Amino acid sequence: MIPRHLEIAMAVLLSAVLMLSFYVSRMRARVKATAAVVDNRPVAPPPAGPTEQAALYIAYDDPGVLHAESAAIRLPSGRQERAQELVEALLARYLDKNSPHILPAQADVREVFMVDPGLVVIDLNSALADGHRSGILVETLTIASFSQTLATNLPGISRVKFLVDGKSRETLAGHADLSGDYQIQAIATLSQQLQSSP
Amino acid sequence: MRRTVRLHPSLAFALSLLSFALFVLGDASEPKLISVYSPIANYSLSLARRGSHDYVGLLEILEPLGTVSSRVEAQNWRLRFNSIEGMFPNGAARVRIHGREIDLSAPFLLEGGRGLVPVDSLGTVLPVFLAFPVVFHASGLRLFIREEGTSYTTQLESGTPARLILNFSSPVNPRIATEPGKLRMTFTRDPIIASGPPLVSFNNATISAASFVETNGAAEITITSAVPLLASFGNDGRRITIAPAPSATLPAPSANRNSAAAPQSPPPLSAPPSSPGATTGSPAAAPNRIFVAIDPSHGGAETGATFSPTLVEKDVTLAWARQLRRECEARLLRTMLVRDQDIDLQNDQRAVMVNVARPAIYISLHAASEGKGAHVYTALLSLSTPEQGLFLAWDHAQVQSLASSQAAAAAITAELGKNIPARAVVAALRPLGNIVVPAVALEVAPRNGDLADLADADYQRQVASSVVAALAALRGKLEAAQ
Ligand SMILES: [Zn+2]
């Protein structure tokens, strides 16, 4: 006869395993879908939605500025999906062979979560953070590019928080502080300063 | 599972305030102090008498010098300093540090989680943690860690009136007190050492002798004279001139507006011109000069950016910091270097050192290969953090000085911009937000993409002299803040 508390523990563990495997399979599907979107875009826009004009804030290492550029990208109706599309459009740009702001080859954004009210969480993968070049300017350009692009295209965002592999981290690559949230007004000030040439 | 205890700096500060208050309330006699002199910081700690020995907290001695943590396991105290670990059994005179057995002069004591070692064993314990020798002046309780000391010479000019000139190898800031027939200078923060005999006699009727003693964590130079004396500072704090006070030579000054030369007897005659209100025994400040804290970022295992297999950011920032110090001192600005060697320093440690020293401005130096010229950063403070009690205030320590920081950044950017591309930007960069005084970070990149620029002495000099020119222009504002 198995004691009752062991039965309960078994049940809890089993459901945890089931939930985890469901989560992992979802994540796998997501990653595949993401890769497909990035790869297919130059050939034909995916049929899921019409394209729209979005303002992307692109970092240029030379001479160290942020430029607002208009790009036609597929923007689904859900806020979270739109955020994901915007981030992927930026990534595609930075991973391109003519990248104006080089990110490491395996750089990716694992997930963008919208947490109400007004907080957007950008979960970078460790390849992006660990392989990121170290410096106040280069790190700040990455932060400003992602944050300002989301803030401009998704009304109602008040704060941006960066995670790396799902965890909070001290700095991006030794300089830009990732320990707290970035207030969107501060990001706006920063982006404006970075748009002026040195 | 390993548990590390680290005091948050603001908590540590509160605790030291509390212990100070308890001390003041509990005991009116003079505390016994040990002073530590190192290129990173000069500081004093009080001693605890246990039995027939004086003890000191080992963690407190090491804390300003690197990354230190401690934990208690049963009756053992474990201390980690950077990568060196020590094991101290409570009540034992034999301890183990970095795999070596060390014998103390008296048993190690564990009191309320605090590890106390006999002060006369510091000379054997510290070199194992620090990996280099230390010099301990036991009778005066002064510990020199990679610090050669500030030496001085005395020179008597036997004119009328006679003057005694003391020239120091670095700027000094003693406390000056007088009593009949004597003027005493006490150096607690300055690592003054005697380079000649401790007592020098002069064949002079007015000023007869100068003596040097070390006692209770300080050095004292005492001048013996027949008349009341006045001390004045010169040569950027490196020279102290001691001469009979005007009241001692002039017939009968009824009232001197500058009370530095008060005519009463016994006369309080010690204040330099910049502190006219000073009286006997009160601290006398060095002439009012802008005090600049220069922080070469990164260091030790934390190298910062890697520019080439032989060039890393931590070395570039140190070279630039030393250049900036030279330029500051050439323009009569007082400086402190947050680090002057290749050591690990956490952002919290840097901030505590600077906040305790209270400079007029803090300049953090970084180097980069991207971008062109210089970026001057001020703290991006709206970086919000969840409520964490003490931590919130710590992260927003810069608030009160932000406007001055931005004014300083604008002035430095304008001055740099005369020669190289320069821009003022905000950045979420520690420890800027934790600094209470005006604070900027300067990230310098090559002028035209050539990495060799980062190690170029001419470029360093040019940038440093622009920064100093801007500081000189800001003088009024910074002095007001100071
Ligand atoms: Zn740096």
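The values are calculated or read from the model by the stated rules, or taken from the named source; none is laboratory data. Source: prediction; values computed, not measured. As a convention, Cβ positions derive from the backbone with ideal geometry for all residues, glycine included, and neighbour counts pool all protein chains shown. Surface areas here come from the heavy atoms of the whole protein model, side chains and all, with no ligands, DNA or RNA. Shrake-Rupley method; radii C 1.70, N 1.55, O 1.52, S 1.80 Å.
Using only alpha carbons, the range A:51-195 has a radius of gyration to Kirkwood radius ratio (Rg to Rh) of 0.92. Heavy-atom accessible surface, probe 1.4 Å, ligands and DNA/RNA ignored: which residues of the range B:442-456 lose at least 10 Å² versus the isolated chain? With the partner chains in place, the range B:442-456 has these residues losing at least 10 Å²: B:Glu443. For B:Lys477, go through the lysines and keep the ones whose alpha-carbon is under 29 Å away, minus same-chain ones fewer than eight residues off. B:Lys477 reaches B:Lys418. Comparing the full protein assembly with the isolated chain, the residues of the range A:130-152 losing at least 30 square angstrom of accessible surface (1.4 Å probe) are A:Ser134, A:Ile136, A:Leu137. From the phi of every residue in the range B:53-66, what ³J(HN,Hα) in whole Hz does the Karplus formula 6.51 cos²θ - 1.76 cosθ + 1.60 yield, where θ is phi - 60° and glycine or proline is x? Per-residue couplings from phi come out as 10, 8, 10, 9, x, 6, 4, 5, 5, 7, 3, x, 9, x Hz.
Computing Rg and the Kirkwood Rh from the Cα coordinates of the range B:174-215 gives a ratio, Rg/Rh, of 0.98.
Per the Debye formula on identical point scatterers at the alpha carbon atoms of the range B:148-244, with no solvent, log10 I(q)/I(0) at q = 0.15, 0.16, 0.25, 0.26 Å⁻¹ is -0.52, -0.60, -1.53, -1.64.
Local charge for B:Gly371 was computed over the other residues whose Cβ lies under 10 Å away, with Lys and Arg +1 and Asp and Glu -1, and equals -2.
Note on the range B:284-480: along the principal axes its Cα atoms extend 46, 39, 29 Å, ordered by decreasing extent. For A:Ala151, neighbours were defined as the other residues whose beta-carbon sits under 14 Å from its Cβ, and their charges (Lys and Arg +1, Asp and Glu -1) total +3.
Cross-link partners for B:Lys32 among the aspartates and glutamates, with Cα-Cα distance under 15 Å and sequence neighbours closer than 8 places in the same chain left out: B:Asp54, B:Asp120, B:Glu214.
Over the range B:33-145, the reciprocal of the mean inverse Cα-Cα separation, the Kirkwood hydrodynamic radius, stands at 13.9 Å. At q = 0.12 Å⁻¹, what base-10 log of I(q)/I(0) does the Debye formula yield for the range A:71-151 when every alpha carbon is treated as an equal point scatterer in vacuo? Cα-only, vacuum Debye calculation for the range A:71-151: -0.34.
Calculated accessible area for the range B:82-128 comes out at 42 Å² per residue, all protein chains present (probe 1.4 Å; ligands, DNA, RNA ignored). Partners of A:Lys161 within straight-line reach, counting aspartates and glutamates whose Cα lies under 13 Å from its Cα and excluding those fewer than 8 residues away in the same chain: A:Glu111, A:Asp116, A:Asp123, A:Glu170, A:Asp177, A:Asp181. Computed 3J(HN,Hα) for the range A:170-184, one whole-Hz value per residue from the Karplus formula 6.51 cos²θ - 1.76 cosθ + 1.60 where θ = phi - 60°, is 4, 9, 5, 8, x, 10, 4, 6, 10, 6, x, 9, 9, 6, 5, glycine and proline marked x.
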